[in-house]
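Computed from the coordinates by the stated procedures, all read-outs in this text should not be read as laboratory data. Given the structure is predicted, the values throughout are model-derived calculations rather than measurements. Cβ atoms come from the backbone with ideal geometry, glycine included; neighbour counts cover every protein chain shown.
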Amino acid sequence: MSTVDVRGRVSDVTGQELVGAFLLLGIVVLVFDLIRQVVVGELSAGLLRSYLWSGIVDSLYIGLAAIGLSMTYSILRFANFSHGDLITTGAFSGWTVAYVIGGAGVAEFSSRILLRADGGAPPGALEMDVLANPLAIVLGLIASAVVTIAVALAIDRLIYRRLRDEGGIPLLIASVGVALALRYLIALFYTTDSRGVVGSAPEWEDPPLLPVEAIDLHEATLVFSAVALMLGVHLLLQYTKLGKSMRAMSDNKDLALITGIPTERVIFATWVIGAGLAGVAGYLIVLDRGTIMINLGWFLLLLIFAAVILGGIGSIYGALAGSLVIGITINLSLVWIPADMNEIAAFALMILVLIFRPDGLFSGVETA
Amino acid sequence: MTARDDVSEALSRQPQWIRDVLLVGGIVLATYALFAVVGLAFGVGVNSIVGTFQQITFFAAVYALTALALNLHWGYTGLFNIGVAGFMAVGAYTMAMLTAAPDGSPPGLGLPLIVGVVGGMIAAAAVGFVAALPALRVRADYFAIVTLGLSEIIRRAMLSRSLRSFELGGYSIGSITVPTVELGTGGGSGIRAPSTDVIANYLLFAGGERGGDPTILGDVLFGLGGALGVTRSIMIQGTYTLVLIGFVVAFYVLLTRIAYSPFGRVLKAIREDELAARSLGKNTNRTKIKVFMLGCALMGLAGILWQGSRTLVSPNNFMPIVTFYIFVALIVGGSGSNTGSIVGGFVFAAFLWEGPRFIRSIARANFDVRAPPTIYDAFASLGSFDPMPLVGYLIGSLDEIRFIFIGVVLIVLMIWRPDGLLGHRKEIAAATDLSRRPAVTDGGETDE
């Protein structure tokens, strides 16, 4: 497929700038309207704060998954449509381990191993929350990363490696096939029913130093784990030789090969980091939302793509910033548009950015 | 061996289109024969076998229609459009909103069906134009994400409660007053509109009312059906399927004419090397916009003929997965070949779509295959040397297995046979094959 870059003509640049200016103007108008609404009192400060907070929480799990998608996009050079189903894999595998360990003696093994596919004992009976069952929750978190990494490496070995030199589109199509097969393989075992698997979140009443009445401990776990993992990835990329090789490979693959960087080892590390984070993201989403379903990751995929594209493909800091924009957009847009249209705003933003700033909002080069 | 050589020699003297008709006809008949033999061997009645044939042919026709339209985008021009479902939705929804009864819920305009069909095609082309204008400048993989995002925006808008019903007009410009018009998408519950399969009623019944006196065609078909023990409703659906086959032929002729026209050569040139085509003075941007709009109009028409025949147009029929089914059909057949698109549509419908259902109904009728509640129970029985619960569970989850199978087929094709069944017949832009290289794979030309 010819991927000729047609941008760069003088007339196009002015058109782009025009639309870019319109976009900026629209955002400024919305910000002013937001301030007006808060000042006039149409929108209470508490509601605004809760929108912003859920925007940040959403952006954290989107960001965890976006790091991996951005890395595979820039290092393996294809849009991986099966990334969403790696999230689903992490959610199901992690919670299965948490159930097998945490629910021992309370519910039947046959019910626990399949995450209540038979509608067995409710999560409340198993005391599936971070305070009552911390060991099971932590082991589940680790298992979600480990299993997802194993699955991703197996898929790479079986499928993507054979297509390594075929170009982006055949890999993209193959990844759609992987997404379908993986999702419904999970469905074959766990059924397609969506169900609650997490007990109600314990709360920490009146925390000191914070202007809130209570902290949802499941949400706090999500925030804490996500921020810690992001920090870890940052340190890894900036201060290890592996990180340097990865950045070199996403910058210029041929040059990296000439310099003697072991390509396959870097690809291996890419899958380990990317899939591990995706699996953990899936696990944490379920911890926060309480319910699990097989479409969990697939429904998130386009939002994650939006975050990656907004930040500029290949830049993980860009992906995190893009996740923040997407997370805030889908929550703050509720001020103006009905709740069932908030994702439309995010997708529209993604399309506009793709068309008018294909390098991402921050015009980053394709590097970490 | 010699007999076979004789046949192939005789065939090679025929024009290409006769060979293609024989090829498609041969595949269809062989498949029908296979289904009939398997069905009769396991005691399936003639009525339900004919019903299965009707279903297979219906899905083959709609997948062939959409695959042909997609072939124009991807196979000929190299535009990687994965928002097919969205353009189908625009066509079907416009048709439904134009033709739905004004007193219905949601209300429509109550216009004649033909107005709805043409309007739906125009609307799909218009959305295609809006999408194409800026999107054609971006990279192929970005283009894919843009079109997928657009199709999701369309679907979510149709699903949204705030567009369930709305009013247009009701204001006046100077002395002209625009009347208020009530419209709506119906939100999650969809929109009820006249079905496009009334065409079958007009063909079979005098006056076009079901239950009226049959026309000559109706007499013949119902007589035939009665003799074989096939119900009237299957014959009526079968007639609509025949109408769809007519549309498939029309699409095929249109696309083949386009492919061999100067315009078609520009399309292939864009697919192979856009920069070279532009250097030769071809306005590739305008050509891409034109072909994108044409393809979108055809997708809209396919959406109308497919979803419009169900009386209820609902957003859940336009999930992104539908686009991927169409891609599987196109890739199975081999993108870049119109005959391949039709073969792919048929193979997809017969073996990936209806085949598993047929097997399930045979298994349920002949064997005691009750599914245990979970796969754990099935494996537990397997542990005590009773495989039947596992078989029952697998047959009960045949829908999931079908999805796995479709995914695996897609992967296997991309690895071992990216050309599909007939992709080697992809037409090249030049009059003679200058490269004399083996056929390149779709979308993956890295021969530099």
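Other chains' Cβ within 10 Å of B:370-377 residues: what's the mean? All intermediate terms of the calculation are to be shown ahead of the outcome.
On the way: counts 0, 0, 1, 6, 12, 8, 10, 3.
The per-residue average across the peptide is 5.
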* Listing B:414, A:230 from the residue with the fewest other Cβ atoms within 10 Å to the one with the most, what is the order? -> A:230, B:414
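Any idea what the dipole of the protein assembly as shown comes to, in debye rounded to 20, about its Cα centre with Lys/Arg Cβ at +1 and Asp/Glu Cβ at -1? Intermediate values should be presented prior to the final figure.
Working: 52 positive and 58 negative charges, 369 e Å.
Value, rounded to 20: 1780 debye.
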* Inter-part distance where the range B:329-369 and the range B:26-65 are each reduced to a Cα centre, Å -> 10 Å
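Tell me which DSSP H helices of chain B clear both cut-offs, 27 Å or more of axial length from alpha-carbon atoms and a mean Kyte-Doolittle hydropathy of at least -0.5.
Values: long enough: B:16-41 (37 Å, 1.67); B:46-70 (35 Å, 1.41); B:113-135 (33 Å, 2.25); B:140-159 (28 Å, 1.00); B:232-259 (40 Å, 1.51); B:284-307 (33 Å, 0.76).
Helices meeting the span and hydropathy rule in chain B are B:16-41, B:46-70, B:113-135, B:140-159, B:232-259, B:284-307.
About the Cα centre of the range B:1-136, what is the dipole size in debye to 20, counting +1 per Lys and Arg Cβ and -1 per Asp and Glu Cβ, all else neutral?
Working: 3 positive and 5 negative charges, 12 e Å.
Computed about the Cα centre, the dipole is about 60 debye.
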* Furthest towards positive pole of dipole, A:171, A:212, A:187, structure part the range A:158-272, Cβ charges -> A:171
* Residues in the range A:212-230 near a label at residue A:200, defined as backbone nitrogen under 18 Å from the 7 Å Cα→Cβ point? -> A:213-220
* Per-residue mean of other chain beta-carbon atoms within 10 angstrom of the beta-carbon, peptide A:337-347? -> 5
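Can you give the FRET efficiency to the nearest 0.05 for residue B:398 and residue A:162, using r as the Cβ-Cβ distance and R₀ = 22 Å?
Details: r = 29 Å, r/R0 = 1.32.
E between residue B:398 and residue A:162, to the nearest 0.05, is 0.15.
With a 10 Å radius around each residue's Cβ, average the other Cβ atoms per peptide and rank B:328-339, A:319-330, A:140-151, A:60-71, highest first. Kindly include the intermediate steps, with their values, before the conclusion.
On the way: B:328-339: 28.0, A:319-330: 24.9, A:140-151: 22.2, A:60-71: 29.8.
Final packing ranking: A:60-71, B:328-339, A:319-330, A:140-151.
Under the rule a/c < 1.5 gives rounded, and otherwise a/b versus b/c splits prolate from oblate, where does the protein assembly as shown land using the Cα gyration tensor? The partial results should precede the final answer.
Working: a/c = 1.37, a/b = 1.27, b/c = 1.08.
Here the protein assembly as shown falls in the rounded category.
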* To do: Of the options A:90, B:193, B:63, report the single residue whose Cα projects farthest towards the positive end of the charge dipole of the protein assembly as shown (beta-carbon charges: Lys, Arg +1; Asp, Glu -1).
  => B:63
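Ranked highest first by the average count of other Cβ atoms within 10 Å around their residues, in what order do B:105-117, A:267-279 fall? Display every interim value, and only then the final one.
Working: B:105-117: 17.2, A:267-279: 25.1.
Most protected by this proxy first, the peptides run A:267-279, B:105-117.
How high is the relative contact order of the range A:75-172? Use alpha-carbon pairs under 8 Å, at least six apart in sequence, and give a whole percent. Working shown, then result.
Values: 100 pairs, mean separation 40.4, N = 98.
It rounds to 41 percent for the range A:75-172.
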* Theoretical FRET efficiency, 1/(1+(r/R0)^6), r = Cβ-Cβ of residue B:391 and residue B:321, R0 22 Å, to 0.05 -> 0.20
* Compute the relative contact order of chain A as a whole-number percentage, counting only Cα pairs closer than 8 Å that sit 6 or more residues apart in sequence. => 29 percent
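Would you please classify the overall shape of the range A:164-274 from the alpha carbon gyration tensor, given that a ≥ b ≥ c denote the square roots of the eigenvalues, rounded means a/c under 1.5, and beyond that prolate means a/b larger than b/c while oblate covers the rest? Numbers along the way, then the final one.
Details: a/c = 3.98, a/b = 1.42, b/c = 2.79.
It is oblate, given that a/c is not under 1.5 and a/b is not larger than b/c.
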* Asked: Distance from the Cα centre of the range A:30-94 to that of the range B:161-217, in angstrom?
  -> 40 Å
* Asked: Taking every residue in A:277-288, how many Cβ atoms of other protein chains lie within 10 Å of its Cβ, on average?
  -> 0
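Compute the relative contact order of chain B as a whole-number percentage, counting only Cα pairs closer than 8 Å that sit 6 or more residues apart in sequence. Intermediate results must be reported in sequence, preceding the final value.
On the way: 699 pairs, mean separation 108.2, N = 448.
Computed value for chain B: 24 percent relative contact order.
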* In a solvent-free Debye calculation with one equal scatterer on each Cα, what is log10 I(q)/I(0) for chain B at q = 0.12 Å⁻¹, listed in the order of the q values? -> -1.15
* Asked: Hey, which lysines would be in cross-link range of residue A:241, C-alpha to C-alpha under 18 Å, not counting anything within fewer than 8 residues on its own chain?
  -> A:253
* How about the range B:3-108: which chymotrypsin sites (Phe, Trp or Tyr not before Pro) there are in a DSSP loop, with at most 15 other Cβ atoms within 10 Å of their Cβ? -> B:42
* Structure fact -> Taking alpha-carbon centroids only, the range A:235-260 lies from the range A:275-346 a number of Å equal to 28 Å
* **Ranked packing of B:228-239, A:31-42, A:297-308, most packed first, by mean Cβ within 10 Å** => A:297-308, B:228-239, A:31-42
* To do: Would you kindly derive the ³J(HN,Hα) couplings of the range A:182-187 from the backbone phi angles with the Karplus curve 6.51 cos²θ - 1.76 cosθ + 1.60 (θ = phi - 60°), listing them in order in whole Hz, with x for Gly and Pro?
  => 5, 4, 7, 5, 4, 5
* To do: Just name one of B:414, B:334, B:318: the one whose Cα is farthest towards the positive end of the charge dipole of the range B:313-427 (beta-carbon charges, Lys/Arg +1, Asp/Glu -1).
  => B:334
* **Size of electric dipole in chain B: Cβ of Lys, Arg +1 and of Asp, Glu -1, about Cα centre, debye, nearest 20** => 700 debye
